[in-house]
Amino acid sequence: MSNRMVCREASHAGSWYTASVFCRHAGYTYCGACAAHAYKQVDPSITRRVFILGPSHHVPLSRCALSPAEVYRTPLYDLRIDQKVYADLWKTGMFERMSLQTDEDEHSIEMHLPYTAKAMESHKDEFSIVPVLVGALSESKEQEYGKLLSKYLADPSNLFIISSDFCHWGQRFRYTYYDESQGEIYRSIEHLDKMGMGIIEQLDPISFSNYLKKYHNTICGRHPIGVLLNAVAELKKNGIDMNFSFLNYAQSSQCRNWSDSSVSYAAGALVVH
């Protein structure tokens, strides 16, 4: 039995973002400024645990998966995984274990690690993280995971980060929905995204599912969003009041022709009263 600690390397540093945070580079060039609006809401003095829910881009998953690592490396400092919460989640039998390779290949959680480290820097020895890779869940599974995680969401010392882009538009994404009444293509994309954002702000998981069925908007983190909305719905049943509002919206480029492509980004914050 080895005593060596399993560390997940910052595998996308130097490509998706620079190893010396926070210069703008690759992935952060497009979404960095938008994401910062959400991280500005973080209060490091009360946050002791950071749950990060990200979609799986590379491996087919029908459930959620937990990391085999104990530590996630970032260009700032190492982030410690909360082994007690992980143990409690394992006991439910609802989680798979992802391989270290899968973990390091996936960018959806990693892109939030330097931001988390920066936002929590003043209390860096006082918090842990709970990374959860979310698969292509059915609506009933989104409900189950939402119910399971709702008790953690209710705790004010827990921060939840939901990783998602919005519309991936263009032939390379095989998604070219266009409502000509909105004007140029990028305006149609913005209208479509903001319709979805408005529904998320209503905190109604069923309305969000119906929106996705109707428009098939290519929101890569639709399942993590669905889990969060179901966790919120569970807490609302218990009389806990919450509200969600979007703080910023951006597109990687403005599409005007069928040969163009873009990815949309949005930053929002859920406040539990």
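The values are calculated or read from the model by the stated rules, or taken from the named source; none is laboratory data. Being a predicted model, the structure only gives us computed values, none of them experimental. Glycine gets a Cβ as well: all are built from the backbone with ideal geometry, and neighbour counts include every protein chain shown. Ligands, DNA and RNA are excluded from the accessible area calculation, which covers all protein heavy atoms including side chains. Shrake-Rupley method; radii C 1.70, N 1.55, O 1.52, S 1.80 Å.
In region 182-214, the residue that is nearest to residue 264 (Cα to Cα) out of those that are among the hydroxyl-bearing types (Ser, Thr, Tyr) and touching a helix residue (DSSP H, G or I) at 6+ places or on another chain (Cβ under 9 Å) is 188.
State whether one or more residues within region 136-144 are under 30 Å from residue 71 (Cβ atoms), in contact with a helix residue (DSSP H, G or I) (Cβ under 7 Å, 6 or more places away or on another chain) and either of a type outside the set (A, V, I, L, M) or open to solvent by less than 30 Å² (accessible area, probe 1.4 Å) (or both). Looking through region 136-144, at least one residue is under 30 Å from residue 71 (Cβ atoms), in contact with a helix residue (DSSP H, G or I) (Cβ under 7 Å, 6 or more places away or on another chain) and either of a type outside the set (A, V, I, L, M) or open to solvent by less than 30 Å² (accessible area, probe 1.4 Å) (or both).
Restricting attention to region 125-154, which residues are under 24 Å from residue 106 (Cα atoms), among the hydroxyl-bearing types (Ser, Thr, Tyr) and in a helix (DSSP H, G or I)? Residue satisfying the conditions is 145 alone. So if I check each of 72, 39, which one is at pLDDT 80 or above and surrounded by 19 or more Cβ atoms within 10 Å (Cβ to Cβ)? Residue meeting the stated conditions: 72. Determine, yes or no, whether residue 106 is open to solvent by less than 20 Å² (accessible area, probe 1.4 Å) and out of contact with any Lys or Arg (no Cβ under 7 Å at 6 or more places or on another chain). Considered against the rule, which asks whether it is open to solvent by less than 20 Å² (accessible area, probe 1.4 Å) and out of contact with any Lys or Arg (no Cβ under 7 Å at 6 or more places or on another chain), residue 106 comes out as yes.
All conditions but one from (1) modelled with pLDDT of 95 or more; (2) in a strand (DSSP E or B); (3) closer than 22 Å to residue 87 by Cβ apply to residue 161; the one that does not is (1). Would you mind stating whether residue 118 is touching a residue at least 12 places away in the same chain (Cβ under 8 Å) and assigned to a helix (DSSP H, G or I)? So residue 118 passes the test.
Residue 208 meets the conditions (1) in contact (Cβ under 8 Å) with a residue 40 or more places away in the chain; (2) under 17 Å from the mean Cα position of the chain (by Cα) in every case but one. The failed one is (1).
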